[in-house]
Amino acid sequence: MKTITRILLSLCLGHLMGAGALAMIPGPPVIRECPGCHQALEQLTILSGNLNGAKTWTDGKVMAPMLPDFPLLAPCPHCGVLVWIYEARELWRKGLGQPATSEWNEAWDHLKLLALPSEKALLDYATTNKLTTEKEVYVRLRAWWLANDPYRFKEDGDRLAWSEVQRANLVALASLLDTKQDHNRHLKAEIARELGNFAECEKLLSDELNEKCEQTAKIIRALAANKETVVREVRKASLDRSGDAK
């Protein structure tokens, strides 16, 4: 049973390497049931991770090889229905030092991994479902990140024009963000900048943010001053003494 072997290896590695280990340690999977077709889904977990080698972007996305961002909403590999993973019925789980919650089914040894939903799937979902604010922000934010992905590693130049649907998504997302929270104010300012609304961006960032957000805010201010609209990586050394974004 390949999955059981993986579980035992991950538990042993976690014990031997300890909490200070640099490598990401995968954890036991959780098996859930798709609410659409009632087939089994494998939810991946990790025992230990870190932000070594992580890249952070002005739109809030973090790409961390040792701390993957497992999707909360993903298409079922059997029927394609988008499933809120943590709300799907749990069929099997094994916590550290705890017995499994049920008998392992050998059919689960070869389950297809959950894939990330496409930008189109997320945009369609956001516009055809009545969602809580928290869920709608999650869906629209990740659709934005997917729209920005082709531009993350370009050193210069602006992005192509936003499509009408993409622009509508950004406007809707901005309306959902509570600017009393610094992180949301930073995201809303970045949306304004990427849409070319530089004055609005600068106004949103006119007051200093908390230390965690201020580094990114400085970069966004400099990019807005330069009339740049493309997403950029946040680097500690990304500002020179004059405050211009590099």
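The values are calculated or read from the model by the stated rules, or taken from the named source; none is laboratory data. Every value quoted in this text rests on a predicted model; they were computed, and no experiment measured them. Cβ: placed from backbone, ideal geometry, glycine included. Neighbour counts: every protein chain shown.
For the criterion of being in the same structural domain as Ile191 (by TED's automatic domain parsing), closer than 22 Å to Leu223 by Cβ, touching a helix residue (DSSP H, G or I) at 6+ places or on another chain (Cβ under 7 Å) and not aromatic (Phe, Trp, Tyr), Arg159 passes. Whether any residue in the stretch 195-202 is touching a helix residue (DSSP H, G or I) at 6+ places or on another chain (Cβ under 8 Å), assigned by TED's automatic domain parsing to the domain that holds Glu136, among the acidic types (Asp, Glu) and in a helix (DSSP H, G or I) is what I want to check. So far as the stretch 195-202 goes, yes, one or more of its residues are touching a helix residue (DSSP H, G or I) at 6+ places or on another chain (Cβ under 8 Å), assigned by TED's automatic domain parsing to the domain that holds Glu136, among the acidic types (Asp, Glu) and in a helix (DSSP H, G or I).
When the stretch 105-141 is limited to residues that are in contact with a helix residue (DSSP H, G or I) (Cβ under 8 Å, 6 or more places away or on another chain) and of a type in the set (Asp, Glu), the one that is modelled with the lowest pLDDT turns out to be Asp109. Output the residue which, of all residues in the stretch 126-141 that are touching a residue at least 12 places away in the same chain (Cβ under 8 Å) and among the basic types (Lys, Arg), is surrounded by the most Cβ atoms within 10 Å (Cβ to Cβ). The residue in question is Arg140. Taken as a whole, the condition of being crowded, with 16+ Cβ neighbours inside 10 Å and in a helix (DSSP H, G or I) applies to Leu123. When you check Trp144 against the structure, is it surrounded by 19 or more Cβ atoms within 10 Å (Cβ to Cβ) and not in a loop (DSSP other than H, G, I, E, B), yes or no? When the stated conditions are applied, Trp144 passes them. The strands (runs of 3 or more DSSP E) falling completely within the stretch 58-116 that include 2 or more residues that are of a type in the set (A, V, I, L, M) map to 73-75, 82-84.
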